[in-house]
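**Student:** Structure below; questions to follow.
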Amino acid sequence: KAGVTQTPRYLIKTRGQQVTLSCSPISGHRSVSWYQQTPGQGLQFLFEYFSETQRNKGNFPGRFSGRQFSNSRSEMNVSTLELGDSALYLCASSVGTPFPYEQYFGPGTRLTVT
Amino acid sequence: QKEVEQDPGPLSVPEGAIVSLNCTYSNSAFQYFMWYRQYSRKGPELLMYTYSSGNKEDGRFTAQVDKSSKYISLFIRDSQPSDSATYLCAMGVNFGNEKLTFGTGTRLTIIP
């Protein structure tokens, strides 16, 4: 079974720009979660989508948004990029219900903001 | 204070040694606990998950949860150089809530 895929793998943007990252979950998985990983803060939860609906949200500003399509693929968007947005963005998929919630991560998108 | 505390290390042990990795947490609502392994430039890989207090064993790995002390551990027996990675603990609250709260990770190096 193919794993979680994320595109692009690397991205360089300048401050003020916006960026869209894509995640394709494991086939049959309906839940996609997004995390930001930085050396100082570790992995921080951004949001989770299940069947095209945002089910949970972390404590990030509104510049961070996402969506999920009917085929469970998900995108996240960051508008008005700041230097502090430089991070590894990871998505994880799971069946979403019922327990247990084994989340499987993709390789991540490394975003660098200059 | 963070909800989940994990010693960042680095931790270096000789090959064949038993490794103990630990996390403490403050949120008593956490109900399930996971350990992930992350190699450099890769996404985290799920190693084990547990739902209740007690021990769970999988090959060379044993996960231990003590909810009364809000303390979880991962033991690695007969450690191998291929175990060198960053180990992350993660915790979740309840069904229907996919949010995981992670520790910052412990960097482990197994010396041949």
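**Student:** With the checklist (1) open to solvent by 70 Å² or more (accessible area, probe 1.4 Å); (2) more than 10 Å from chain B (Cβ to nearest Cβ); (3) charged (D, E, K, R) in hand, flag the one item A:Glu75 doesn't pass.
**Tutor:** (1)
**Student:** Please return the ranges of strands (runs of 3 or more DSSP E) entirely within the stretch B:1-83 where 3 or more residues are in contact (Cβ under 8 Å) with a residue 12 or more places away in the chain, within 14 Å of chain A (Cβ to nearest Cβ) and within 24 Å of A:Gln41 (Cα to Cα).
**Tutor:** Working: elements: B:4-6, B:11-14, B:19-25, B:32-38, B:45-50, B:54-58, B:61-66, B:71-76.
Qualifying strands (runs of 3 or more DSSP E): B:4-6, B:32-38, B:45-50.
**Student:** Shifting gears a bit: In the list B:Leu100, B:Leu88, B:Leu74, B:Leu108, which residue meets the criterion of being under 22 Å from A:Gln103 (Cβ atoms), open to solvent by less than 10 Å² (accessible area, probe 1.4 Å) and touching an Asp or Glu at 6+ places or on another chain (Cβ under 9 Å)? Even if it seems obvious, please write down each step before you answer.
**Tutor:** Numbers: B:Leu100 fails: touching an Asp or Glu at 6+ places or on another chain (Cβ under 9 Å); B:Leu88 fails: touching an Asp or Glu at 6+ places or on another chain (Cβ under 9 Å); B:Leu74 fails: touching an Asp or Glu at 6+ places or on another chain (Cβ under 9 Å).
It is B:Leu108.
**Student:** If you scan the stretch A:37-56, which residues turn out to be out of contact with any Leu (no Cβ under 8 Å at 6 or more places or on another chain) and part of a strand (DSSP E or B)? Explain how you work it out, then say what you get.
**Tutor:** Step one: filter the stretch A:37-56 for residues out of contact with any Leu (no Cβ under 8 Å at 6 or more places or on another chain), giving A:39-41, A:44, A:46-56.
Within the stretch A:37-56, A:Gln44, A:Leu46, A:Phe47, A:Glu48, A:Tyr49, A:Phe50, A:Thr53, A:Gln54, A:Arg55, A:Asn56 meet the criteria.
**Student:** Suppose the filter is open to solvent by 50 Å² or more (accessible area, probe 1.4 Å), farther than 30 Å from B:Thr106 by Cα and not charged (D, E, K, R); does A:Thr114 pass it? Break it down stepwise before answering.
**Tutor:** On the way: open to solvent by 50 Å² or more (accessible area, probe 1.4 Å): yes; farther than 30 Å from B:Thr106 by Cα: no; not charged (D, E, K, R): yes.
When the stated conditions are applied, A:Thr114 does not pass them.
**Student:** Which condition number in (1) open to solvent by 10 Å² or more (accessible area, probe 1.4 Å); (2) at the interface with chain B (Cβ under 8 Å from one of its Cβ atoms); (3) among the acidic types (Asp, Glu) is the one that A:Glu52 fails?
**Tutor:** Single failed check for A:Glu52: (2).
The values are calculated or read from the model by the stated rules, or taken from the named source; none is laboratory data. Values in this document were obtained by computation on a predicted structure and should not be read as measured data. Positions of Cβ are generated from backbone atoms using ideal geometry, with glycine treated the same way; all protein chains shown enter the neighbour counts. Each accessible area value is taken on the protein alone, full model and side chains, heavy atoms only, with ligands, DNA and RNA left out. Shrake-Rupley method; radii C 1.70, N 1.55, O 1.52, S 1.80 Å.
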